[in-house]
1. Among 9-17, 72-80, what's the highest-first ranking by average C-beta atoms within 10 angstrom per residue?
2. ³J(HN,Hα) across segment 60-74 via Karplus (A = 6.51, B = -1.76, C = 1.60, θ = phi - 60°), whole Hz, x for Gly/Pro?
Amino acid sequence: MHITNTEKIEGKEIVQDLGLVRGNTVRAKNAFRDFTQGIRNIFGGELKAYSDLMTDAREEALGRMIQEAQRLNADAVVNVRFMTSKITGGGAEILAYGTAVKLKSPTSGSQSSTSQETPPPPPGNP
């Protein structure tokens, strides 16, 4: 499935808008992480544990958005965006959303070099 933050996919024609798809997750800090990151905050530098937490949360939200698009039989999700909101003092929601679309079936055997799609195996090969 092709995922992009643009409205179009170069070399592809969108033939059907399947609507909004989204995925979210809510993540919370933990007390040990708060302690160690509080010390790092005093001395400066990246709060790596929090960066890792947010990276994992974005990937989870993106994966859930893709699952929703797959349930709609989408070929791609365009105009993908992320949003973060504070839920509690120690928790945040990450939301990934975009528009699920169907693409025109290719009339030639060539595919865009930027496509993230995996081509099917040749006929007759298992």
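All of the numbers you see were taken from the coordinates with simple rules; none came from a lab. Note that this is a predicted model, so its numbers are computed, not measured. Cβ atoms come from the backbone with ideal geometry, glycine included; neighbour counts cover every protein chain shown.
1. Numbers: 9-17: 14.1, 72-80: 19.3.
Ranking the peptides 9-17, 72-80 by packing returns 72-80, 9-17.
2. 5, 5, 4, x, 5, 5, 5, 4, 5, 5, 5, 4, 8, 6, 6
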